[in-house]
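Worksheet: one structure, shown below.
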Amino acid sequence: MKLVILIGPHAVGKMTVGQELCKITDLELFHNHMTIEPVCGLFKNHPAEVGRLTNLFRKEIFEAFAKTDEPGMVFTYMWPFDQQAAWDYVEWLEGLFQRNGAEVYYVELEADFDVRIDRNKTENRLNNKPSKRNVAKSEELFRRLEEKHRLNSLPGEIQKQHYLRMNNTHLSAKEAAERIKDHFQL
């Protein structure tokens, strides 16, 4: 089994690259909004419940998936590198899959800010992430989180055996996916 963790800031293309990677491999996509969307509409005024339930759903899905004989998963995650809890979460996830015999791969995407602002409005993103359809609100959150957290790693900060950092500002999602597949021989 393989776990590919696609990381990067808002609208860098994690889900879209993940979709393309799954088309050319036997991996399944589990993008982070698959657990956010079902609860964020129900608990509009209770963000703590959204976070709690999202984490609970992910934990159960990861634990069940890691024990299967499925070929693997692509998981997308916006990693705030300035928060120890996020580091701990990623270590837990890696450990869970490795204990079950999986190889874990990290792909960090980065792209220019203005390109990401434009990508925040793409049809694919809005179709798959209903909470982003209020584009003004989504962009406000985008900018606020960008100011509050460091969403790309520092050079040399991620010390993983299977790690790839890619600037996909000028790459299509398909091109990025092909590079990931080739780099890790997926």
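The values are calculated or read from the model by the stated rules, or taken from the named source; none is laboratory data. As the structure is a prediction and not an experimental result, all values here were calculated from the model. Please note: Cβ atoms are built from the backbone with ideal geometry, for glycine as well, and neighbour counts cover all protein chains shown. SASA here: full protein model, heavy atoms, side chains in, ligands and nucleic acids out. Shrake-Rupley method; radii C 1.70, N 1.55, O 1.52, S 1.80 Å.
Among the criteria (1) modelled with pLDDT under 95; (2) touching a Pro at 6+ places or on another chain (Cβ under 7 Å), the one Ala86 does not fulfil is (1).
Please go through the stretch 58-71 and pick out each residue that is outside any helix (DSSP H, G or I) and either surrounded by 16 or more Cβ atoms within 10 Å (Cβ to Cβ) or in contact with a strand residue (DSSP E or B) (Cβ under 8 Å, 6 or more places away or on another chain) (or both). Result: Glu70, Pro71. Within the stretch 157-186, residues that are basic (Lys, Arg) sit with their Cβ atoms under 6 Å from residues that are part of a helix (DSSP H, G or I), at 6+ positions apart or across chains, in these pairs: Lys174/Glu20.
Given the conditions (1) over 17 Å from the mean Cα position of the chain (by Cα); (2) assigned to a helix (DSSP H, G or I), which single one is not true for Glu157? Only one criterion in (1) over 17 Å from the mean Cα position of the chain (by Cα); (2) assigned to a helix (DSSP H, G or I) is unmet by Glu157, namely (2).
Applying the set (1) more than 18 Å from Val4 (Cα to Cα); (2) exposed (fewer than 13 other Cβ atoms within 10 Å of the Cβ); (3) of a type outside the set (S, T, N, Q); (4) in contact with a Pro (Cβ under 7 Å, 6 or more places away or on another chain) to Glu37 leaves exactly one unmet item: (2).
Yes or no: Lys160 touching a helix residue (DSSP H, G or I) at 6+ places or on another chain (Cβ under 9 Å), open to solvent by less than 60 Å² (accessible area, probe 1.4 Å) and over 17 Å from Val17 (Cβ atoms)? For Lys160, the condition - touching a helix residue (DSSP H, G or I) at 6+ places or on another chain (Cβ under 9 Å), open to solvent by less than 60 Å² (accessible area, probe 1.4 Å) and over 17 Å from Val17 (Cβ atoms) - is met. Of all residues in the stretch 72-101, those that are in a loop (DSSP other than H, G, I, E, B) and either open to solvent by 10 Å² or more (accessible area, probe 1.4 Å) or in contact with a His (Cβ under 8 Å, 6 or more places away or on another chain) (or both) total 7. Filtering the stretch 24-39 for residues that are at pLDDT 95 or above and touching a His at 6+ places or on another chain (Cβ under 6 Å) leaves an empty set.
Pairs are defined by a Cβ separation below 6 Å, a sequence spacing of at least 6 or placement on different chains, a first member in the stretch 25-54 that is farther than 30 Å from Asp69 by Cα, and a second member that is of a type in the set (Asp, Glu); the pairs so defined are Phe43/Glu49.
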